[in-house]
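The values are calculated or read from the model by the stated rules, or taken from the named source; none is laboratory data. Bear in mind that the values here come from a model prediction, so they are computed numbers and not experimental data. We place every Cβ from the backbone using ideal geometry, glycine too, and count neighbours over all the protein chains shown. Areas reflect the complete protein model, heavy atoms only, side chains present, ligands, DNA and RNA absent. Shrake-Rupley method; radii C 1.70, N 1.55, O 1.52, S 1.80 Å.
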Amino acid sequence: MRLRALIADDEPLARERLRFLLSGDSEVDIAGECRNGHEAISALKENRYDLLFLDIQMPGASGLDIIEEVGAAHMPIVVFVTAHHHYAVKAFEVNALDYITKPVEPDRLKAALERAKEKIASRTALLTQEQLKVALAAFSNGGASPREFPKRLVVPNGTKDSFINVEEIEWIEAADYYSCLHIGTRSLMLREPIKQLAETLDPRRFVRIHRSAIVNIGCVREILREGRKEGWVLLSNGNRLKMSKAGWQNLIAASRA
């Protein structure tokens with residue numbers, strides 16, 4: 001598994017040193033670099049990263065401001081890289097994985113990378129556990145048993161792993177390599193593309209109405225058509241979601257099943 005890493009530091013020499021040290025690890029791809037807080041916030045909102053090397057003090061927004069703006073639940077694994085020792089306690093309060101002081105030493109960086117890889121591996125194992133159980137059940141009797149669908153999902157949320165009852169999910173929104181699960185007033189990011197997630201959920205309950213949205217049909221209140229190609233779905237919570245022609249056909253077929 002290759003990790004997509006983002007470096008955010010206003011010092012060119014600091015970025016260059018990190019880039020050089022990380023180049024020695026074949027499992028890490030440097031997917032982007034940011035020179036200030038504003039660039040880092042934009043990059044994190046627009047792209048998916050597994051690992052973030054983040055300076056504390058930068059123009060535009062500090063490393064702590066960046067986490068507050070993006071949201072801890074939506075952040076990749078964070079390793080702070082800074083010359084300031086006195087921020088360490090605050091860094092761990094926002095669930096940073098590690099805190100490295102400059103100049104970065106190769107052995108210290110290697111240790112941080114090993115911790116990050118272990119953390120990501122454990123997350124992946126939790127996320128796939130339920131799907132593996134379903135697959136094993138399907139093959140246990142030569143594939144004769146009816147297909148079962150996961151009743152719960154495991155969603156990493158900072159230092160916690162949240163167990164979500166699938167039936168409570170109202171709708172799911174595509175977010176690049178992630179899927180955003182909307183449950184009442186909560187929104188949780190699951191590291192799984194919406195296409196892959198759609199294949200694991202019960203199609204009698206969850207319908208993909210658009211390339212960027214899946215709905216729980218139990219939460220659909222109205223279907224609003226606008227011409228032949230597109231329309232809208234109105235949920236019981238008042239949310240209005242865009243619906244494609246194929247999505248409308250999927251929704252009608254599921255409601256008749």
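Looking at segment 10-53, which of its residues are of a type in the set (Val, Ile, Thr) and under 17 Å from Asp65 (Cβ atoms)?
Across segment 10-53, the qualifying residue is only Ile41.
Listed here are the residues, each with its yes/no results for (1) exposed (fewer than 13 other Cβ atoms within 10 Å of the Cβ); (2) modelled with pLDDT under 85; (3) within 16 Å of the chain's Cα centre (by Cα); (4) closer than 30 Å to Ile7 by Cα.
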residue: Ala121; (1), (2), (3), (4): yes, yes, yes, yes
residue: Thr128; (1), (2), (3), (4): no, yes, yes, yes
residue: Ala135; (1), (2), (3), (4): no, yes, no, no
residue: Lys151; (1), (2), (3), (4): yes, no, no, no
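May I ask you to verify whether Leu190 is buried (at least 17 other Cβ atoms within 10 Å of the Cβ), in contact (Cβ under 8 Å) with a residue 60 or more places away in the chain and farther than 30 Å from Val78 by Cβ?
Criteria not met by Leu190.
Take segment 159-187 and flag every residue that is among the small types (Gly, Ala, Ser) and open to solvent by less than 20 Å² (accessible area, probe 1.4 Å).
Once the filter is applied, which keeps residues that are among the small types (Gly, Ala, Ser) and open to solvent by less than 20 Å² (accessible area, probe 1.4 Å), segment 159-187 yields only Ser179.
I'd like the full set of residues that are hydrophobic (A, V, I, L, M, F, W, C) and open to solvent by less than 30 Å² (accessible area, probe 1.4 Å), limited to segment 193-207.
Selection gives Ile194, Leu197, Leu201, Phe206, Val207.
Being of a type in the set (Gly, Ala, Ser) and either assigned to a helix (DSSP H, G or I) or open to solvent by less than 30 Å² (accessible area, probe 1.4 Å) (or both) is the requirement here; does Gly238 meet it?
no
Considering only residues that are open to solvent by 50 Å² or more (accessible area, probe 1.4 Å), under 13 Å from Val104 (Cβ atoms) and of a type in the set (A, V, I, L, M), which ones fall in segment 9-52?
Leu13
In segment 94-110, is there at least one residue being touching a Phe, Trp or Tyr at 6+ places or on another chain (Cβ under 6 Å), of a type outside the set (Asp, Glu) and either modelled with pLDDT of 90 or more or open to solvent by 20 Å² or more (accessible area, probe 1.4 Å) (or both)?
Yes.
Out of all the residues in segment 65-89, which are open to solvent by 30 Å² or more (accessible area, probe 1.4 Å), of a type outside the set (Ser, Thr, Tyr) and either part of a loop (DSSP other than H, G, I, E, B) or at pLDDT below 90 (or both)?
Glu68, Glu69, Ala72, Ala73, His74, Ala83, His84, His85, His86, Val89
So, of the residues in segment 26-46 that are charged (D, E, K, R) and assigned to a strand (DSSP E or B), which turns out to be farthest from the chain's Cα centre (by Cα)?
Glu33
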